[in-house]
Amino acid sequence: MRKQLIARDMKTVSDNEESWLDLEKLAQVEMSSEDEAYPIESALAAGTGPGWRAAEAGEQTLRLLFDQPQRIELIRLLFQVDDQERTQQFTLRWSPDGGATYHEIARQQYNFSAPDATTEQETFRVDFDGVTALELQIIPDISGGNARASLALWAVA
């Protein structure tokens, strides 16, 4: 088994500091579910819509399948949950071989509780060359409730 530890940079990085990839042009997206009113495109293009939301409750998977291998140095995820208190978990992975194998970048849990804790932003500084796929698995409520997964932003540089 090959493993690589990555440093998680907690400093805030502005959109002006990085050259974000145009994911809509560079990748195909696979998803296990999508609410028509909350399409994945609005999570990939910051500020253009309400973000993505699953059509069904429970665990969801989103995949970015790049047309050409990419060098990835930064990944930003923004989750915003206003509708119910819960503990959510996500797992972020990358693949160098079109999804045949995946390497874990991060696995995290956090609590959402309105009105104070409704947003979670994670920024990961990485150094991966030849990335052919990124996968995000979201368990919206680890207690098994009927919450639907959502994602306000997924940006990659």
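The values are calculated or read from the model by the stated rules, or taken from the named source; none is laboratory data. None of these values were measured; they are calculated from a predicted model. Cβ coordinates were reconstructed from backbone atoms using ideal geometry, including for glycine residues, and neighbour counts include every protein chain displayed. What goes into the accessible areas is simple: the full protein's heavy atoms, side chains included, and nothing from ligands, DNA or RNA. Shrake-Rupley method; radii C 1.70, N 1.55, O 1.52, S 1.80 Å.
Please sort by residue number the GluC sites (Glu not before Pro) in segment 48-131 whose DSSP state is loop and whose Cβ has at most 14 other Cβ atoms within 10 Å.
Numbers: sites: 56, 59, 73, 85, 104, 120, 122; in loops: 59, 85.
Qualifying residues, ordered by number: 85.
Given H placed 1.01 Å from N in the peptide plane, which residues other than close sequence neighbours of residue 55 have an amide H under 5 Å from its amide H?
HN-HN under 5 Å from residue 55: 34, 35.
Over all Cα pairs of the chain, how is the pair count split among 5 Å bins, expressed in % and running from 0 up to the last occupied bin?
With a bin width of 5 Å, the distribution comes to 2, 9, 19, 23, 22, 16, 8, 2, 0.
Hey, any idea what % of the chain's accessible area is carbon plus sulfur with a 1.4 Å probe? Let's see the in-between values first.
Details: 3590 of 8260 Å².
Roughly 43 percent, rounded to a whole number.
So how much slack lies between residue 61 and residue 91, counting 0.36 nm per residue of separation and subtracting their Cα-Cα distance, in nm?
9.9 nm
For Cα pairs less than 8 Å apart in space and 6+ apart in sequence, what is the mean separation divided by the residue count of segment 85-145, i.e. the relative contact order in percent?
Relative contact order of segment 85-145: 50 percent.
Residues of the chain: accessible area per residue at 1.4 Å, in Å²?
Using a 1.4 Å probe on heavy atoms only, each residue of the chain averages 53 Å².
How big is the dipole moment of the chain about its Cα centre under a simple scheme where the beta carbon of each Lys and Arg is +1, that of each Asp and Glu is -1, and everything else is neutral? Debye, nearest 20, please.
In debye, rounded to 20, the chain gives about 540.
Can you list the equivalent-ellipsoid semi-axes of segment 93-157, largest first and in whole Å, using the square root of 5 times each Cα gyration tensor eigenvalue? Let's see the in-between values first.
Values: eigenvalues 141, 43, 18 Å².
Over the Cα atoms of segment 93-157, the semi-axes work out to 27, 15, 10 Å.
Using the charge dipole of the chain (Lys, Arg: +1 at Cβ; Asp, Glu: -1 at Cβ; taken about the Cα centre), state which of 117, 91, 57 has its Cα farthest towards the positive end.
Of the options given, the answer is 91.
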